[in-house]
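Novice: I have a structure here, written as structure tokens, and I will follow up with some questions on it.
The values are calculated or read from the model by the stated rules, or taken from the named source; none is laboratory data. The model shown is predicted, which means the values in this text are computed figures rather than measured ones. For neighbour counting, all protein chains shown are included, and Cβ atoms are generated from backbone atoms with ideal geometry for every residue, glycine included.
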Amino acid sequence: MGGPSERDYREKLDRLKQKFDKKAKDIKKEFEKLERTKVDLLKRTKGTKHDAEREIAKIEEEIAKSKDLAPESKSRLRLEIDNLKSEVRRRYSELEMHITETI
């Protein structure tokens, strides 16, 4: 007899819906923040890769122009530069993959 009416239940359901909508909106905002962070990390990683490649190219050019280095030294340094280039590309790929998979 004195139990909750249909209206009471509807009000409870409406409050529950509003609560759920607010939580869903908050989660969506957090996800958007994560996406922005992901984009920022990818940009920074790419920038770091380009900086490293630019510095390597500069050193490579200096070595090629150097008249003080013996041909054997230049050859060894070119091998080291090639290894460093490979390492930079490998690390960039790893970071990029880690960022895209994690977030």
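Novice: Based on what the data block shows, is THR45 under 30 Å from ILE99 (Cβ atoms), surrounded by 11 or more Cβ atoms within 10 Å (Cβ to Cβ) and touching a residue at least 60 places away in the same chain (Cβ under 8 Å)?
Specialist: Working: under 30 Å from ILE99 (Cβ atoms): yes; surrounded by 11 or more Cβ atoms within 10 Å (Cβ to Cβ): yes; touching a residue at least 60 places away in the same chain (Cβ under 8 Å): no.
No.
Residues checked against (1) among the basic types (Lys, Arg); (2) at pLDDT 95 or above:
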| residue | (1), (2) |
| --- | --- |
| ARG44 | yes, yes |
| LYS65 | yes, no |
| LYS85 | yes, yes |
| VAL88 | no, yes |
| THR100 | no, no |
| ILE103 | no, no |
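Novice: Of (1) in a helix (DSSP H, G or I); (2) over 25 Å from the mean Cα position of the chain (by Cα); (3) not polar (S, T, N, Q), VAL88 satisfies all except one. Which?
Specialist: The single condition VAL88 does not satisfy is (2).
Novice: Need pairs with beta-carbon distance below 8 Å; first residue over 15 Å from GLU53 (Cβ atoms) and within the range 65-91, second surrounded by 12 or more Cβ atoms within 10 Å (Cβ to Cβ) and among the small types (Gly, Ala, Ser); sequence gap 6+ or separate chains.
Specialist: Matching pairs, first to second residue: LYS74/SER66.
Novice: Which one of these does SER66 not meet: (1) over 30 Å from GLU35 (Cα atoms); (2) surrounded by fewer than 12 Cβ atoms within 10 Å (Cβ to Cβ); (3) of a type in the set (S, T, N, Q)?
Specialist: (2)
Novice: Which of the residues belonging to the range 67-85 are part of a helix (DSSP H, G or I) and among the hydrophobic types (A, V, I, L, M, F, W, C)? Outline the logic, then answer.
Specialist: To start, the set of residues in the range 67-85 that are part of a helix (DSSP H, G or I) comprises 71-85.
LEU77, LEU79, ILE81, LEU84 - these are the residues of the range 67-85 that are part of a helix (DSSP H, G or I) and among the hydrophobic types (A, V, I, L, M, F, W, C).
Novice: To continue, here is another question. For the range 21-38, does any single residue satisfy the condition of being of a type in the set (Gly, Ala, Ser) and within 29 Å of ARG90 (Cα to Cα)?
Specialist: Filtering the range 21-38 down to residues of a type in the set (Gly, Ala, Ser) leaves 24.
Filter again for within 29 Å of ARG90 (Cα to Cα), leaving none.
For the range 21-38, residues of a type in the set (Gly, Ala, Ser) and within 29 Å of ARG90 (Cα to Cα): absent.
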